[in-house]
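Q: Here it is, the structure, as structure tokens.
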Amino acid sequence: MRLFSTEQVSKYHPDKYADQISDAVLDACLRRDKNSRVACETMVKGNTVILAGEITTRAEINYAEIVTGVAKKLGYQVDNILTYIQTQSPEIAGGIGDGDKLGAGDQGMMYGYACSETESRLPFGFDLANRIIAAIEKDVETNPDTVFKGDAKCQVTVDLDAEPNMDSVKTILVSACHKDDVTLEATQYAIHEILWECGVDTKKVVVIANPAGSWTIGGPTADCGLTGRKIVCDQYGGYCPVGGGAFSGKDPSKVDRSGAYMARKIACDILQKTPGLNRCEVQIAYAIGWKEPMSVNVKTDAASGTFDANAAEWIRENYDLSPAGIIKELNLLEENYEKLAEGCHFRMRSNG
């Protein structure tokens with residue numbers, strides 16, 4: 001038995017709160033100026049929000065309105081907004097270019113992954129963690145009698161040697177912030193109900209619900225939140241490597257984001273076009289200012305290593321991996337980035 005644990009957090013988690021603010025800023029810039037260059041970082045603590053980064057745009061941006069809009073959506077209060085924004089470095093701007101000559105906005109490696117275990121093409125354990133968190137969020141937003149406040153984390157442990165289905169699930173840990181007048185026992189019962197809704201037989205799975213006891217103070221009041229601190233939750237839940245760069249707050253010239261989205265699409269495409277294949281991992285690496293990637297690597301569960309080598313060549317021949325090509329192929333100038341930042345980006349995106 002090989003036990004493996006994976007995790008997801010709710011959109012009310014302070015780190016995801018920060019992600020959503022950063023991406024709401026990005027959305028506002030791109031709506032008014034498709035050539036915006038955005039690198040927006042957010043820190044949230046209590047009723048204070050700090051924005052910092054580099055933004056070059058022709059758009060007039062009302063940062064206070066954006067921040068308070070995201071806060072209101074999540075039920076948080078903002079009394080103090082500090083903004084430390086400057087324009088993109090002219091050396092970087094000159095080095096990466098624009099239009100069809102756009103080069104990578106940074107160096108780094110990105111990973112895409114897909115598997116046949118679920119409809120989402122995400123690993124079963126991580127897909128389950130996503131669905132449990134989504135069920136808690138839905139209860140918060142649609143059930144007037146909900147016991148939950150919103151901030152929550154879910155950890156799923158599976159046996160990798162078993163078939164990727166409910167029988168492989170060994171333990172589910174859920175920590176959920178609850179209302180002040182709700183007891184710990186009532187919260188634990190509500191968590192069990194959520195699990196049943198997600199198809200979990202709680203009589204067969206070890207369920208750990210709010211193991212630290214009552215949790216009534218959550219969100220940015222309890223914990224400081226930072227953009228980009230949940231990159232594993234944003235991607236594959238630990239089932240495969242992730243690049244070093246976060247997604248949120250970055251315009252698609254930054255290949256940390258766009259390159260990872262493209263790698264995911266390619267992994268899904270290879271899985272779909274290749275009968276008998278169950279897993280595919282794609283790595284792409286870029287140099288800042290270069291249009292074409294430095295390397296493309298493919299790992300699958302195919303019996304022959306030749307398949308992976310041929311797949312890497314096939315990718316180069318059949319996909320435009322330049323930043324401009326990726327942006328066009330995935331329509332990344334029209335994306336709703338704030339929505340993506342609510343959860344796993346590859347569960348939220350309709351095209352992978």
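Q: Please identify the pairs in which a residue from segment 216-241 that is part of a helix (DSSP H, G or I) has its Cβ atom under 8 Å from the Cβ atom of a residue that is surrounded by fewer than 19 Cβ atoms within 10 Å (Cβ to Cβ) and among the basic types (Lys, Arg), counting only partners at least 6 apart or on another chain.
A: These pairs meet every condition: 220/45.
Q: Under 6 Å between Cβ atoms, at least 6 apart or on separate chains: pull out the pairs that start in segment 154-175 with a residue that is over 15 Å from residue 130 (Cα atoms) and end on any residue that is among the hydroxyl-bearing types (Ser, Thr, Tyr) and not in a strand (DSSP E or B).
A: Going by the 6 Å Cβ cut-off, the qualifying pairs are 159/168; 162/168.
Q: Does residue 271 qualify as being in a loop (DSSP other than H, G, I, E, B) and not basic (Lys, Arg)?
A: Numbers: in a loop (DSSP other than H, G, I, E, B): no; not basic (Lys, Arg): yes.
No: the conditions fail for residue 271.
Q: Return a yes/no flag: does segment 88-101 have any residue that is modelled with pLDDT under 95, touching a Gly at 6+ places or on another chain (Cβ under 6 Å), in a helix (DSSP H, G or I) and of a type outside the set (Val, Ile, Thr). Before you say what the answer is, go through the steps one by one.
A: Taking segment 88-101 as the starting set, the residues that turn out to be modelled with pLDDT under 95 are 88-101.
Among the residues that remain, those that are also touching a Gly at 6+ places or on another chain (Cβ under 6 Å) are: 95-97.
The next check asks that each one be in a helix (DSSP H, G or I); those that pass are 95-96.
From what is left, the residues that are of a type outside the set (Val, Ile, Thr) are 95.
Checking segment 88-101: at least one residue is modelled with pLDDT under 95, touching a Gly at 6+ places or on another chain (Cβ under 6 Å), in a helix (DSSP H, G or I) and of a type outside the set (Val, Ile, Thr).
Q: Quick check on this structure: which one of 53, 69 is of a type outside the set (A, V, I, L, M), surrounded by fewer than 18 Cβ atoms within 10 Å (Cβ to Cβ) and either within 20 Å of residue 175 (Cβ to Cβ) or out of contact with any Leu (no Cβ under 8 Å at 6 or more places or on another chain) (or both)? Outline the logic, then answer.
A: Values: 53 fails: surrounded by fewer than 18 Cβ atoms within 10 Å (Cβ to Cβ).
Going through 53, 69 in turn, the sole match is 69.
Q: Just name the residue that is nearest to residue 84 (Cα to Cα) out of those in segment 44-72 that are part of a loop (DSSP other than H, G, I, E, B) and not aliphatic (A, V, I, L, M). Working first, answer last.
A: Pass one, segment 44-72, residues part of a loop (DSSP other than H, G, I, E, B): 46-47, 57-62.
Narrowing the set further to residues that are not aliphatic (A, V, I, L, M) leaves 46-47, 57-58, 60, 62.
Details: 46: 19, 47: 17, 57: 15, 58: 18, 60: 16, 62: 14 Å.
Per the stated criteria, the residue is 62.
Q: Ok, one more. Could you please give the count of residues in segment 283-292 that are free of Cβ contacts under 8 Å to residues at least 60 places away in the same chain and surrounded by 18 or more Cβ atoms within 10 Å (Cβ to Cβ)?
A: Going through segment 283-292 one residue at a time, the tally reaches 0.
Q: What are the residue pairs meeting all of these: first residue in segment 302-321, first residue assigned by TED's automatic domain parsing to the domain that holds residue 291, second residue assigned to a loop (DSSP other than H, G, I, E, B) and surrounded by 18 or more Cβ atoms within 10 Å (Cβ to Cβ), Cβ atoms under 8 Å, and 6 or more apart or on different chains?
A: Listed by first residue and then by second, the contacts come to 302/277; 308/302; 315/321; 321/293.
Q: Looking at segment 22-40, I want the residues that are more than 14 Å from residue 86 (Cβ to Cβ) and have a partner that is assigned to a helix (DSSP H, G or I) and modelled with pLDDT under 95 with Cβ atoms under 9 Å, at least 6 apart or on another chain. Which pairs are those?
A: So the pair list comes out as 35/99.
Q: May I pose another question? Any residue in segment 194-215 that is under 15 Å from residue 152 (Cβ atoms) sitting within a Cβ distance under 6 Å of a residue that is surrounded by fewer than 16 Cβ atoms within 10 Å (Cβ to Cβ) and of a type in the set (S, T, N, Q)? List the pairs, counting only those 6 or more apart or interchain.
A: Taking only residues 6 or more apart or on different chains, the pairs are 195/202.
Conditions (1) in the same structural domain as residue 139 (by TED's automatic domain parsing); (2) under 27 Å from the mean Cα position of the chain (by Cα); (3) within 15 Å of residue 127 (Cα to Cα); (4) crowded, with 19+ Cβ neighbours inside 10 Å, marked per residue:
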residue	(1), (2), (3), (4)
158	yes, yes, yes, yes
164	yes, yes, yes, yes
185	yes, no, no, no
189	yes, no, no, no
193	yes, yes, no, no
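The values are calculated or read from the model by the stated rules, or taken from the named source; none is laboratory data. On a predicted model such as this, the values are computed, not experimentally measured, just so you know. Backbone-built Cβ (ideal geometry, glycine too); neighbour counts: all protein chains shown.
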